[in-house]
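The values are calculated or read from the model by the stated rules, or taken from the named source; none is laboratory data. The structure displayed is predicted, hence computed values, not measured ones. Cβ atoms come from the backbone with ideal geometry, glycine included; neighbour counts cover every protein chain shown. When the accessible area is computed, the model is the full protein with side chains, heavy atoms only, and any ligands, DNA or RNA have been set aside. Shrake-Rupley method; radii C 1.70, N 1.55, O 1.52, S 1.80 Å.
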Amino acid sequence: MPAGPAGDQGECLFVARRGARTCALPAVWDQMAQSGFSLGRRPGGGLPGVPRGVVAHSQLGCGRPHAAREAGTLGRAGAAAGPGRSRGGCSRWGASWARALVVALCLMAGGAPALAALPARGAAVGLPPAVIPAPFGVNIHFTRTTAAEWKLLAESGFRIARTDLTWTAVQPGTAPPNFQSSGYDSLVRHLLALHIRPMLILDYCNPAFPSLATVPGRAAFARFAAAAARHFRGDHVIWEIWNEPDGGFWSCTGQPAPAGAGAYTALAAAASAAIHRANPAALVVGPAAARFDMAWFARLAQDGLLRDIQGFSVHGYGANTPEEAVPEWQALHAFLAAHPVDGRTLPMISGEWGFETYQHPPAGWCCTYGVQADYLVRMMLDNLKAGVAYSIWYDFRDCSAPDAPAGQCHYGVVTQTLQPKPSFTAMRVLTQTFAGQRYVASADVAACGAGEQAIRLDQGGEAFWSTGPSGRSGRFYVGSGRVTLVSQDGVRRQVTAPGGVLTTTYHRAVTYVLGAGSVLPPPPPAQPAVMDSLTALLSYFYAHSVSGNLNALGGAALAVGTGGEAVLIWPPLCGVSAYRLYRSPAKGPAHWALLTTTRAAHWYGRLPSGRWRLAVAAVGPSGGSGPRSTAATVTVPRAAGS
């Protein structure tokens, strides 16, 4: 067995069924040992950095050891179990109690596990679920590391780890690939123990084999890919074929860089077919493009790549802010929708993207630590809005000192010496605040004013921020009279929101809302809410020489001319995607009828003659109606009405 990372002090215990494994901290084992149960230990299967309270593997949510490793690489847990006993010397009756004891002790040690379990080992491998934090991942550049780094990775909130599975690292010569000595066995085992899904990039050339420009070279690469897929079958690995073939990494193939579409497609087709022969349920993605290049994507599609992958991965470099990439994702989605595979649109994957930091950035260079934190959170949320299946941040750890020359060494959320940056805290707060929620919809950006953004999740979670100057006041629809605001660095406070509308300040950092309520149902309140009218409305009527009366209407302003012409204008309310205008007779039963729905910030039309009461309903991102209030009676002359 390969030596574990420094500080590896955990142990693994086989309980319950044969081959099932439960892992916990040494402190938990000490308490179990004192409990009087006869439990067989398995030394050397350590899980460094597993946070207190996290129970990993087997029935408690981790999957089971690799069959190959049970049989050979890692050895066996002991002799064959006798009647009524499972391997590890624990009776089936005792094992069930042991599992309960492990959970109880872990809860006592550090609270309920907050990590979602991966699917059972051997289950069909698909995209990560759209429930936060499952779609959020990070690049790493190690196979073995310290207990301190494992602990930080677990606490960060990332649930996918992307790294190179370099051909030469596992197969330096013509001998069969060795995933044990290269450290990848250890890496995958530790990631799964922390409930982090591995994303392994099959990449780079191997001088021991022919050039990838040749058929024998591509066949050798495909055998390497198949060996990896076979070895890690059942470990929920996402396989990516190459890294940025449209960039400099393709030059080792002996072909012109960037890769021609046909050259990359030929390699991907050979590798994908081999992977699926080894594991028909495998998830294969590509092309890991370095940038959005629709012309190159079109050539890839023409050459048949889309049939060889189950996800289309692109790196977002080139956009100066997360929001700048949203139109690119929208264009890519339209492209993929126009090129369906078996009647379905391939999912989009943000396979790598980040922003480099300096404590004192050079002129024109991004970013300060605070800006990086803002961009990380906004990138994750913007990508959800754009329909991206999952997103990988680059990178986890810096590879040089904070003020070293510009390069690729300052993208991490922790420094080279493992000091968390503000982006680390921001990621942890995001995933903890919205854990278990999924994206529902975004507010109409036009309704949010200049540079304001907002999204809504499915369990009362909302978020808002500004892409322009910080500190501008505005109103945000939350649909509840009292909510909790959470800052990007985790500070919480409760605030009131009269009528479900929050008066707040927008910042470049994201603010989270918890407890956003369901929208108010009809009919509107019986009493009018008198609010300031808009001078813009009067200006409109003066310009058009129309006379009429002016009434306050839920923060909006209404004017009706003598001919029944009506204009309704309201101030943009961020968090509202549309407005509904209701009418009801001024006297008699309160039977509210929908007059119109509009996404614009104004409405112009004609009202029938008679006396009417009008109400505005703000429509939230989830489609329901928001706070309403009625105006004073509007009278339209019968002779002029229609």
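Using heavy-atom solvent-accessible surface (probe 1.4 Å) with all chains present, what is the largest-first order of Ser251, Ser400? If you can, show how the numbers build up before the last one.
Working: Ser251 75, Ser400 25 Å².
Per-residue accessible area, sorted high to low, gives Ser251, Ser400.
Using the per-residue mean of other Cβ atoms lying within 10 Å as a proxy for protection, in what order, highest first, do the peptides 456-465, 296-305 fall?
Values: 456-465: 22.0, 296-305: 18.9.
Top to bottom by mean Cβ count within 10 Å: 456-465, 296-305.
Hey, what's the Kirkwood Rh for the stretch 234-339 if you take every pair of different alpha carbons, in angstrom? Don't skip to the answer; put the middle values down first.
Working: mean 1/r = 0.0694 Å⁻¹.
For the stretch 234-339, the Kirkwood estimate is 14.4 Å.
Would you rank Asp489, Asp398, Asp342 by solvent-accessible area, highest first, keeping every protein chain in place and using a 1.4 Å probe? Working shown, then result.
Numbers: Asp489 100, Asp398 5, Asp342 125 Å².
Correct descending sequence by accessible area is Asp342, Asp489, Asp398.
What is the set of long-range amide H partners of Leu457 at a cut-off below 5 Å, with H atoms built 1.01 Å from backbone N?
Amide H to amide H, under 5 Å and 5 or more residues apart or across chains, Leu457 pairs with Val440, Glu462.
Could you give me the ³J(HN,Hα) list for the stretch 133-145, computed from phi with Karplus coefficients 6.51, -1.76, 1.60 and θ = phi - 60°, whole Hz, x at Gly and Pro?
Working through the residues one at a time gives x, 3, x, 10, x, 8, 7, 10, 9, 8, 10, 10, 7 Hz.
Would you please give the residues with an amide H less than 5 Å from that of Arg162, counting only those at least 5 places away or on a separate chain, with H modeled from the backbone geometry?
Residues meeting the amide H criterion: Val138, Asn139, Ile140, Met199.
Could you state how much accessible area Met348 has, in square angstrom rounded to the nearest 10, with a 1.4 Å probe and all protein chains kept in place?
Approximately 0 Å² of Met348 is accessible to the 1.4 Å probe.
Within the accessible area of the stretch 447-513, what % is carbon and sulfur when the probe is 1.4 Å and the other protein chains stay in place? Mind showing how you got there, number by number?
Numbers: 1270 of 2620 Å².
Accessible surface attributable to carbon and sulfur in the stretch 447-513 totals 49 percent.
Just the Cα atoms of the stretch 220-276, one point each, no solvent: what log10 I(q)/I(0) does Debye give at q = 0.20, 0.24, 0.25, 0.29 Å⁻¹?
Debye intensities relative to I(0), on a log10 scale: -0.74, -0.94, -0.99, -1.14.
Kindly sort Thr368, Thr145, Thr417 by accessible area of their heavy atoms, largest first, with the probe set to 1.4 Å.
Thr417, Thr368, Thr145
What's the center-to-center distance, using Cα atoms, between the stretch 253-293 and the stretch 343-357 in Å?
Using only Cα atoms to place each centre, the spacing works out to 16 Å.
What does the charge add up to near Ala257, with Lys and Arg as +1, Asp and Glu as -1, over the other residues with Cβ less than 13 Å from its Cβ? Numbers along the way, then the final one.
Numbers: positive: none; negative: Glu244, Asp246.
Spelling it out: positives minus negatives among the neighbours equals -2.
Using Stokes-Einstein with the Kirkwood hydrodynamic radius over Cα pairs, what translational diffusion coefficient do you get for the stretch 174-252 at 25 °C and a viscosity of 0.890 mPa s, in µm²/s rounded to a whole number? Write down the numbers at each step before the final one.
Numbers: Rh = 13.8 Å.
Calculated translational D: 178 µm²/s.
If you stretched the chain out fully between Asp293 and Ala219, how much longer would it get, using 0.36 nm times the residue separation minus the C-alpha to C-alpha distance?
Details: separation 74, 0.36 × 74 = 26.64 nm, distance 2.81 nm.
Gain in length upon complete extension: 23.8 nm.
Can you give me the orientation-averaged projected area of the convex hull built on the Cα atoms of the stretch 246-307, in nm²? Intermediate values should be presented prior to the final figure.
Details: hull surface 17.4 nm².
Average projection, Cα convex hull of the stretch 246-307: 4.3 nm².
Accessible area per residue for the stretch 337-384 in Å², computed with a 1.4 Å probe and the full protein assembly in place, what is it?
Working: 1720 Å² over 48 residues.
Ligands and nucleic acids excluded, the result is 36 Å² per residue.
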